[in-house]
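What follows is a single structure, written as structure tokens, with notes after it.
Throughout, read-outs are computed from the coordinates displayed, never taken from laboratory work. Keep in mind it's a predicted model, so treat the numbers as computed, not measured. Quick reminder, even Gly has a Cβ in these numbers, built from the backbone with ideal geometry, and neighbours come from all protein chains shown.
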Amino acid sequence: MSKHNQRAFTLIELLVVLALLAVLLMLAAPSFRDLQRSSQLSSHTNTLVAALHSAKNEAIKHNSPSYLQPTDGSNWANGWIVFVDSDFDESYSVNTDTKIMEGEALPNSLALSGTGTAAGGTPYVSFDGSGYPRNKSSGPGNLTMTLKFNGFSGTEDIQNTRNIILAITGRVRSCRPTSASDDNCKSSSTE
């Protein structure tokens, strides 16, 4: 009879490999969560930037005001709508206005807030027929919209924040603040 050499792992070798894998996964998990959060923030930010660009372009194309506003009229987290205000009543009318795009509600882990016209009880962003941002009552205006994860503070809060800046000239850009007082990541009237 011939003997065959059998190759196999011993139980000790298998346990050592499993222990090493467990340690590597524990080290990689926090980085993966950070990557996931960053990706989710970037995705929602890019969607809002695209919505602002669409609103601006449609306002110019139709030579009519266009709006980005919360679907329910008051809370950005419940979703938003972009439309051309064909009847000039400063609100979305299903029969007369042209809906351009609609955004879904944000996950509970994210919050969206704004300054200028994007803040308050009835927030909105509006462009006139020339593509400049406008305020319903006082003419042109700039603003910042802030998208961030809930439940963080200090440095982690800043790392989990994205700002969308609309300049008075109509320029839309997004940025990731480096500190709470990062002036390069806020709207200004001189942009």
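Couple of notes before you dig in:
- Computed over neighbours whose Cβ is under 13 Å from that of residue 91, the net charge equals -4, Lys and Arg +1, Asp and Glu -1.
- Treating r as the C-beta distance of residue 12 and residue 109 and R0 as 35 Å, the FRET efficiency rounds to 0.25.
- Label separation (residue 25 vs residue 152): 2.5 nm, computed from points 7 Å beyond Cα along the C-beta direction.
- Convex hull per residue volume in Å³, alpha carbons only, for segment 41-185: 101 Å³
- When the listed pairs 56/148; 61/186; 148/186; 56/99 are checked against a 22 Å cut-off, the alpha-carbon distance exceeds it for 56/148; 61/186.
- Estimated 222 nm signal from helices in the chain, with DSSP H stretches of n ≥ 4 weighted -39500 (n - 2.57), rounded to 500: -11000 deg cm²/dmol
- Residue among 27, 50, 38 farthest towards the positive dipole end of segment 1-61, charges placed on Cβ: 50
- Sparsely packed trypsin sites (Lys or Arg not before Pro) within segment 1-89, loop by DSSP, other Cβ within 10 Å at most 15: 3, 7
- Whole-angstrom gap from segment 137-170 to segment 58-90, using each part's C-alpha centre: 19 Å
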